[in-house]
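Q: After the C-alpha cells below, expect a handful of questions from me.
The values are calculated or read from the model by the stated rules, or taken from the named source; none is laboratory data. What you see is a predicted model, and the numbers here were worked out from it, not measured in a lab. Please note: Cβ atoms are built from the backbone with ideal geometry, for glycine as well, and neighbour counts cover all protein chains shown. Just so you know, the surface numbers come from the protein's heavy atoms only, side chains and all, with ligands and any DNA or RNA stripped out. Shrake-Rupley method; radii C 1.70, N 1.55, O 1.52, S 1.80 Å.
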Amino acid sequence: MERRTYYVELEQPMMGISDVKTSENTIQYEIQATPKEKHELEKLINEVQNEDISGAGILERVHDETKAEEAKNEMKTEMKKLYQKIYELGSPETQDFFKQYGLYKK
C-alpha cells in the first residue's frame, strides 16, 4: 500500500491528523503512513483524548489518590504509545525532533 504524507498535531483542541500543513504557529509532526497506519494512529489519538476526564471524574479522583495515580499512569502509557507510533511513521525531521527533545525512548 502506498504511503502518503500527513501532519499530526497534538495540541488540544486541534489534536488530529491532517493532509495539509497548517499555520507555522502550530507544531505538526510530519509522517508517512498507509491508510491502515493512519487509522491506527487516529485510534491512539482518540484514546489519549478520551483520557481527558469529565468534571465528575475530577471530583471523584480528588478524594481518591489511588484513582488519580492510576489515571496519571494510564495517560502516560497512552502518550508513550502515541509518541512511539508517530516516531515510527515520522519523517527524518520528525524523528530527529523526537530524539532531541526526549519524546522517543527505546
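Q: Under the condition of being assigned to a loop (DSSP other than H, G, I, E, B) and hydrophobic (A, V, I, L, M, F, W, C), which residue from the stretch 26-72 is modelled with the lowest pLDDT?
A: Ranking the candidates gives 53 first.
Q: Do you know which residues across the stretch 1-25 are assigned to a strand (DSSP E or B) and closer than 18 Å to residue 80 by Cα?
A: 8, 9, 16, 17
Q: Within the stretch 1-52, track down each residue that is of a type in the set (Asp, Glu), without any contact (Cβ under 8 Å) to a residue 60 or more places away in the chain and open to solvent by 40 Å² or more (accessible area, probe 1.4 Å).
A: 2, 11, 19, 24, 40, 42, 47, 51, 52
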